[in-house]
Amino acid sequence: MRPFAHFAPRSLDEALDIFRREGEGGRPLAGGTDLVVQLKEGGHKFPYPRYLVSLRRLPELRALGWHEEQGLRLGAGLTMAEVASNDWVRQRYPALADGAGLVGSRQTMNMATVGGNVCNAAPSADTAPPLLALEAQARIVGPQGERLLPLEEFWLGPGETVLRHGELLTEFLLPPPLPRSASLYRRHTPRQQMDIAVVGVAVAVALDDGGRTLKKVRIALGAVAPTPIRARRAEAALEGQAPSPEAIARAAAIAQEEARPISDVRGSAALRRHLVGVMTERLLREAIERARRG
Amino acid sequence: MPKRVITLTVNGETHEVAVEPWWTLLYTVREELGLTGSKEGCGTGDCGACSMLLDGRLVTSCIVLAVEADGCQVTTIEGLAQGGQLHPVQQAFVEKGAVQCGYCIPGMVMAAYDLLRRQPDPTLEEVRLALAGNLCRCTGYTKIYEAVLAAAERMRLEGARG
Ligand SMILES: Cc1cc2nc3c(=O)[nH]c(=O)nc-3n(C[C@H](O)[C@H](O)[C@H](O)COP(=O)(O)OP(=O)(O)OC[C@H]3O[C@@H](n4cnc5c(N)ncnc54)[C@H](O)[C@@H]3O)c2cc1C
Ligand code: FES
Ligand code: FES
């Protein structure tokens with residue numbers, strides 16, 4: 001690695017001060033599982049940083065709390081291992097536990113943070129579709145103060161986000177799940193572990209009180225567009241409907257149309273589109289079944 | 001810029017080390033502290049040869065900056081044997097013939113050691129999953145899994161050490 005300076009602030013304010021004082025050329029460092037590898041390989045999309053600001057010791061990035069009305073507060077600095085093993089996440093936001101539990105190896109999960117996964121902005125990031133389907137909002141803090149953004153608006157393209165220099169993603173807010181709801185995330189990879197999603201699909205569904213119609217449907221897709229995306233037309237086609245096999249198949253076909261995949265080393269556009277259909281249909285069925293069982 | 005002095009407690013012994021911000025924990029432990037048991041295979045977090053415990057968590061030290069480990073407890077492969085006695089995981093690797101060239105073995109043993117602390121009675125599938133981040137070019141893994149399961153059994157019988 002080429003030289004850079006390194007700062008290890010102990011609070012969010014101190015971190016923001018460092019970016020302000022040192023000026024352009026700084027980069028936040030969380031678990032380093034993307035950033036350090038990029039600095040070593042030179043495969044990063046940004047200029048080589050002059051300095052890194054470690055987020056490891058910022059208590060503000062480690063929030064984790066559940067509230068009946070507000071839902072879940074999830075610090076951006078929590079590791080995948082911490083997220084995947086948390087009882088609130090496992091019980092109320094299982095899609096997120098699924099995604100966090102797939103990130104690399106045990107070693108990777110002990111280092112990689114959920115904030116880093118989102119800020120690295122890979123279209124294949126495994127916590128991105130779950131967070132989208134669970135309607136996460138991102139809290140961003142920077143020199144101009146603070147804003148809360150629906151996660152859907154966070155990514156601009158591969159490796160690109162709305163974050164400006166000196167801004168940090170501090171936490172995610174996830175609304176409480178509705179009654180009779182369920183969520184899950186799956187990815188397609190040739191290998192079970194240590195692989196990057198060819199396609200990732202997350203769904204979250206809620207049934208109405210009688211359990212006969214779908215009150216809410218969220219479908220999010222990874223690795224099939226420049227950013228992780230919601231399949232909004234597919235969601236709309238299913239909401240308010242009875243969850244019949246035909247309605248589910250129709251929604252899956254619409255999700256296929258919404259995907260804008262490319263061909264690369266991991267798979268062709270045609271394969272990806274095919275997988276979106278198959279996976280969306282299977283996941284919807286399974287989620288609806290789980291929501292019924294409660 | 002002058003080097004930064006960090007404090008690392010490695011296998012129970014505290015060291016002050018002067019490091020550059022871009023040195024990895026692996027490089028620092030091997031080259032500055034002379035503990036060369038941990039290996040560098042890929043240097044990008046993929047192969048697990050550099051696995052060690054950082055404040056009790058298994059990490060790939062080739063992608064951890066040394067400055068990030070300032071003030072932390074580190075356990076390397078050199079820290080497992082006690083009083084000249086191999087750790088049961090190491091002993092089982094020897095007895096089961098799980099070692100060929102040996103390059104991956106320090107990382108394998110660390111990952112197995114980490115698993116058995118969390119899960120003293122793992123299934124074969126759990127062992128495979130726990131070692132998914134550790135690559136071996138030589139053995140085909142079967143004997144490694146057998147060794148981990150044998151170590152688990154011995155540690156349960158012995159009432160678990162370490
Ligand atoms: C062996 C291996 C396997 C992997 N497998 C997977 C996988 O299966 N699935 C997957 O999705 N990913 C995988 N990854 C990628 C990586 O582990 C994840 O993307 C991880 O979550 C990144 O988090 P981090 O904390 O390490 O981020 P870092 O590498 O520290 O940072 C990533 C980027 O985000 C920025 N950043 C980090 N936190 C913040 C913040 N709070 N605010 C603003 N900017 C921030 C950094 O500046 C940097 O640009 C793998 C990586 C490795 C090395
Ligand atoms: S050398 Fe660290 S994971 Fe390969
Ligand atoms: S024994 Fe040679 S790499 Fe594993």
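Among the residues of the range B:98-116, is there at least one that is more than 14 Å from every other protein chain (Cβ to nearest Cβ), more than 16 Å from ligand 2 (Cβ to nearest atom), in contact (Cβ under 8 Å) with a residue 40 or more places away in the chain and open to solvent by less than 10 Å² (accessible area, probe 1.4 Å)? The answer is yes, given that some residue of the range B:98-116 is more than 14 Å from every other protein chain (Cβ to nearest Cβ), more than 16 Å from ligand 2 (Cβ to nearest atom), in contact (Cβ under 8 Å) with a residue 40 or more places away in the chain and open to solvent by less than 10 Å² (accessible area, probe 1.4 Å). Taking the condition farther than 28 Å from residue B:43 by Cα and among the acidic types (Asp, Glu), does residue A:68 pass? Yes; evaluated as a whole, the condition is true for this residue.
Residues checked against (1) within 14 Å of another protein chain (Cβ to nearest Cβ); (2) more than 16 Å from ligand 2 (Cβ to nearest atom); (3) farther than 17 Å from residue A:250 by Cβ:
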| position | (1), (2), (3) |
| --- | --- |
| A:194 | yes, no, yes |
| A:200 | no, yes, yes |
| A:203 | no, yes, no |
| A:209 | no, yes, yes |
| A:213 | no, yes, no |
| A:216 | no, yes, yes |
| A:219 | no, yes, no |
| A:226 | no, yes, yes |
| A:230 | no, yes, yes |
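Between B:59, B:29, B:67, the distinction of being within 16 Å of ligand 1 (Cβ to nearest atom) and either modelled with pLDDT under 95 or not in a strand (DSSP E or B) (or both) belongs to B:67 only. One residue stands out among those in the range A:239-265 that are within 21 Å of the chain's Cα centre (by Cα) and surrounded by fewer than 18 Cβ atoms within 10 Å (Cβ to Cβ): the one that is farthest from residue A:185 (Cα to Cα), which is A:262.
Just one residue in the set B:9, B:14, B:75 is closer than 26 Å to residue A:56 by Cβ, in contact with a strand residue (DSSP E or B) (Cβ under 6 Å, 6 or more places away or on another chain) and surrounded by fewer than 19 Cβ atoms within 10 Å (Cβ to Cβ); that residue is B:9.
Got at least one residue in the range B:125-134 being within 14 Å of another protein chain (Cβ to nearest Cβ), assigned to a helix (DSSP H, G or I), without any contact (Cβ under 8 Å) to a residue 24 or more places away in the chain and of a type in the set (Asp, Glu)? Within the range B:125-134 (the criterion being within 14 Å of another protein chain (Cβ to nearest Cβ), assigned to a helix (DSSP H, G or I), without any contact (Cβ under 8 Å) to a residue 24 or more places away in the chain and of a type in the set (Asp, Glu)), the answer is yes, since at least one residue qualifies. The residues of the range A:180-226 that are at pLDDT 95 or above and acidic (Asp, Glu) amount to a single one, A:208. Among the candidates A:260, A:273, the residue that is of a type in the set (D, E, K, R), part of a helix (DSSP H, G or I) and in the same structural domain as residue A:211 (by TED's automatic domain parsing) is uniquely A:273. With the condition kept exactly as written, say whether any residue in the range A:96-106 is assigned to a helix (DSSP H, G or I), crowded, with 24+ Cβ neighbours inside 10 Å and either within 11 Å of another protein chain (Cβ to nearest Cβ) or within 16 Å of ligand 3 (Cβ to nearest atom) (or both). So far as the range A:96-106 goes, yes, one or more of its residues are assigned to a helix (DSSP H, G or I), crowded, with 24+ Cβ neighbours inside 10 Å and either within 11 Å of another protein chain (Cβ to nearest Cβ) or within 16 Å of ligand 3 (Cβ to nearest atom) (or both).
Residue check: is residue B:49 within 14 Å of ligand 1 (Cβ to nearest atom), within 13 Å of chain A (Cβ to nearest Cβ) and either in a loop (DSSP other than H, G, I, E, B) or open to solvent by less than 10 Å² (accessible area, probe 1.4 Å) (or both)? Yes, satisfied. Among the residues of the range B:78-96, the ones that are open to solvent by 40 Å² or more (accessible area, probe 1.4 Å) and part of a helix (DSSP H, G or I) come to 4 in all.
Residue-wise test of (1) assigned to a helix (DSSP H, G or I); (2) free of Cβ contacts under 8 Å to residues at least 60 places away in the same chain; (3) within 11 Å of chain B (Cβ to nearest Cβ).
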{"site": "A:6", "(1), (2), (3)": "no, yes, yes"}
{"site": "A:14", "(1), (2), (3)": "yes, yes, no"}
{"site": "A:21", "(1), (2), (3)": "yes, yes, no"}
{"site": "A:28", "(1), (2), (3)": "no, no, no"}
{"site": "A:73", "(1), (2), (3)": "no, no, no"}
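One residue stands out among those in the range A:39-50 that are farther than 16 Å from residue A:6 by Cα and within 11 Å of another protein chain (Cβ to nearest Cβ): the one that is modelled with the highest pLDDT, which is A:41.
The values are calculated or read from the model by the stated rules, or taken from the named source; none is laboratory data. Please read all numbers here as calculations on a predicted model, not as lab measurements. Positions of Cβ are backbone-derived with ideal geometry, glycine not excepted, and every protein chain shown enters the neighbour counts. Heavy atoms of the whole protein, side chains included, go into the accessibility calculation; ligands, DNA and RNA do not. Shrake-Rupley method; radii C 1.70, N 1.55, O 1.52, S 1.80 Å.
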